[in-house]
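These notes are about the structure you will find just below.
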Amino acid sequence: MKNVKQLLMLTAALALLAATPTALQAAAGISGTKHDLSVKGWGTDELCIFCHTPHNSDTTVKDAPLWNHKVTSTVAFKVYDATVSPTLNAVVGSPSSSSKLCLSCHDGTVAMDSFGGKSGTQPPMTGTNVVGTDLSNDHPISFLYDAKLAGDDGALVSPTSASKVDALGKVPLFAGKVECASCHQVHNNEFPPFLRMANTGSALCLKCHIK
Ligand code: HEC
Ligand code: HEC
Ligand code: HEC
Ligand code: HEC
């Protein structure tokens, strides 16, 4: 009898596992990561609200996905361009698209709880996760990465389309551009720190660079 009972319990457990793949995947979401600001006590226990809203979003940033966090407006960013590196072929512009959204927290100038139209009372981000307003010591972002750039550089993979570098889309592009979110995924810390894929042996770098 005891064996039968154990077998039944095992069968039930396996059935539960098979039936709840989403529950298992949820472990790789925002909850419990550094992007889970619901634990901060900023007047809400929601997860998405610090960055997105279903209504009345900020449309001033192009390609912003229903944005709800106050975006840096007055700061002039110093970018990684040809004055910084003579070997650079890319034409790097001011931060655009979703990179502006990352920088709305990560440049260390905007009150962290400035969401939903509020100015916020918390201090801006401090510490090692601040990328700052001087981006000239960071990997270039907000530039067009296409077959021409790959040819000019001579050691880059030619992107398969304007939305992804590799066929599987592990490394996405945004309107043809490299942005913070080409290497990072904000919603998931499966590959810390919020990377698109494991960078073991620099695998992420090698998705684009032929070195
Ligand atoms: C810390 C800020 C942040 C939080 C919190 C956040 N997002 Fe995002 N989200 C972004 C940024 C930045 C982008 C654009 C970059 C990208 O697509 O990865 C984005 C893109 C998206 C997109 C469009 C692209 C895609 O991945 O499909 C959807 C949908 C989305 N978020 C939904 C959500 C939902 C739902 C939640 C809450 C459960 C959430 N986000 C929480 C920052 C955030
Ligand atoms: C609403 C504010 C907010 C936005 C928007 C945001 N982040 Fe963050 N991020 C944080 C906070 C808070 C931390 C943790 C800071 C700390 O602990 O000092 C963090 C940490 C990180 C870390 C470090 C994680 C680790 O484990 O060390 C990375 C990488 C990161 N964010 C990338 C991004 C990228 C890329 C974007 C845009 C696609 C983005 N973040 C948008 C608030 C934000
Ligand atoms: C070309 C890929 C790439 C791009 C583009 C990129 N990052 Fe990162 N980022 C990484 C990698 C890889 C790490 C992990 C570095 C390590 O572990 O040594 C990292 C680390 C970080 C960290 C953790 C603290 C640190 O300095 O190690 C933060 C925060 C961060 N990135 C934010 C950003 C933001 C914001 C942007 C856009 C302005 C951005 N990243 C653009 C690849 C990238
Ligand atoms: C999404 C694709 C992509 C990923 C992933 C990526 N890079 Fe890049 N990287 C580029 C492109 C495109 C350029 C611009 C090259 C040029 O203009 O010649 C660049 C520029 C650079 C430069 C500056 C080149 C110069 O001439 O000044 C360095 C160094 C670099 N990347 C290193 C890395 C490292 C290290 C990683 C991994 C942490 C990485 N990249 C990940 C696409 C990528």
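Taken together, the values in this text are just the output of simple stated rules run on the coordinates, not laboratory data. Here the structure is a predicted model, which means the values were calculated and not measured. We place every Cβ from the backbone using ideal geometry, glycine too, and count neighbours over all the protein chains shown.
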Here, Ser57 and Glu190, labelled 7 Å along Cα→Cβ, have an inter-label distance in nm of 2.3 nm
Cα-based helix-to-principal-axis angle, 2-19 vs the chain, degrees rounded to 10: 30 degrees
Could you tell me how many degrees, from 0 to 90 and to the nearest 10, lie between the Cα long axis of helix 97-106 and the main elongation axis, the longest principal axis, of the Cα atoms of the chain? 80 degrees
Unsatisfied cross-links (Cα-Cα over 20 Å) in the set Lys78/Lys211; Lys34/Lys78; Lys40/Lys118: Lys78/Lys211; Lys34/Lys78
Running a GNM on the chain with Cα contacts under 10 Å, which residue among Leu88, Leu66, Leu168 ends up with the highest mean-square fluctuation? Leu168
Evaluate the distance, in nm, between pseudo-label points positioned 7 Å from the Cα of Lys118 and of Asp134 along their respective Cα→Cβ axes. 3.4 nm
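State the three equivalent ellipsoid semi-axes of the chain, derived from the C-alpha gyration tensor as the square roots of 5 times its eigenvalues, in descending order and whole Å. Walk me through the numbers on the way to the answer.
On the way: eigenvalues 258, 141, 42 Å².
With the √(5λ) rule applied to the chain, the semi-axes are 36, 27, 14 Å.
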Going by the alpha-carbon gyration tensor, a ≥ b ≥ c the square roots of its eigenvalues, is segment 95-135 rounded (a/c under 1.5) or, if a/c is not under 1.5, prolate (a/b greater than b/c) versus oblate? oblate
Using 7 Å Cα-to-Cβ label points, what is the Thr83/Thr160 separation (nm, one decimal)? 3.9 nm
Per DSSP H run of n ≥ 4, the term is -39500 (n - 2.57); total these for the chain, divide by its residue number, and report the mean residue ellipticity at 222 nm rounded to 500 deg cm²/dmol. -6000 deg cm²/dmol
Would you mind ranking Asp138, Asp58, Asp113, Asp45 so that the residue whose beta carbon has the fewest other beta carbons within 10 Å leads the list? Asp45, Asp138, Asp58, Asp113
